[in-house]
Amino acid sequence: MQPPDNTPKPNPAPNLDDIILLNGQGLELQRQRRFGEALVAFDQVLAIGPDVAEAHYNRGNVLGELGRLDEAVAAYARAIALKPDFISALNNCAWLLQKMKRYDQALALYDRALAINPDYANAKANRELLLRERQQAAAATTATVATPSPQPAPPQPAPGAPAPAKKTKISRPLPKAAKGSRGKGKAAPPKRGK
């Protein structure tokens, strides 16, 4: 009888059918806006096949929807590292960086996406928007806005002094319409200067 073989075995190839099934479930859950459940499905895909760029990309999309922007950027970065020409991951990562006001990093990713496909409409439009946003942000920081100085408090009467008289508004009756005016009971329109 031979002693048991305790040497580590290489990891078996990920089961492609499981990856496809779980990824599809995650996409359907994402479509239904069930982002928490979709995230679990994409995490299961990555537990089986940690180098599946599409699962990292889908995970980034869901994390972005959940408002977890830093994690979403990291997921997109992993997808891009695995698949450098992943144009949708480049665009989506750039979009989140743009939302986070990290304009230089976003611009670099848009440029990479457009270097791969110069006609990629989303990256073109987003890049133009970024350039306008960055220009507006720069203008806002250089513009000097005059802040009004606080108004002094009204003077207070000395202790024991009589309180100042209150100003009252005198109301006057409106003039009645002149005879021959356009409508009965309506005031004549004001005259315009020549």
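Coordinate-derived values only; no laboratory data. Note that the coordinates shown come from a computational prediction; the quantities given were computed from them, not determined experimentally. With ideal geometry, Cβ positions are generated from the backbone for all residues, glycine too; neighbour counts draw on all protein chains shown.
What does the extension gain come out to for Asp51 and Asn117, with contour length at 0.36 nm per residue minus their alpha carbon separation? Intermediate results must be reported in sequence, preceding the final value.
Values: separation 66, 0.36 × 66 = 23.76 nm, distance 2.42 nm.
Residue separation times 0.36 nm, minus the Cα-Cα distance, leaves 21.3 nm.
Tell me, what does the Kirkwood hydrodynamic radius of segment 13-83 come to in angstroms if you use every pair of distinct C-alpha atoms? Mind showing how you got there, number by number?
On the way: mean 1/r = 0.0860 Å⁻¹.
Its Kirkwood hydrodynamic radius stands at 11.6 Å.
Using the Cα atoms of segment 20-126 to build a convex hull, what is its mean projected area in square nanometres?
Details: hull surface 25.1 nm².
For the Cα atoms of segment 20-126, the hull's average projected area reads 6.3 nm².
Please compute the volume of the convex hull spanned by the alpha-carbon atoms of segment 63-124 and report it per residue in Å³.
In segment 63-124, the Cα hull volume divided by residue count equals 68 Å³.
Say the dipole of segment 13-83 comes from +1 at the beta carbon of Lys and Arg and -1 at that of Asp and Glu; which of Leu63, Gln25, Ala81 then lies farthest toward its positive end?
Checked the options; the winner is Leu63.
Can you work out the FRET efficiency for the pair Glu37 and Ala77, with r the C-beta to C-beta distance and R0 = 30 Å, to the nearest 0.05?
Values: r = 24 Å, r/R0 = 0.80.
After rounding to 0.05, the efficiency reads 0.80.
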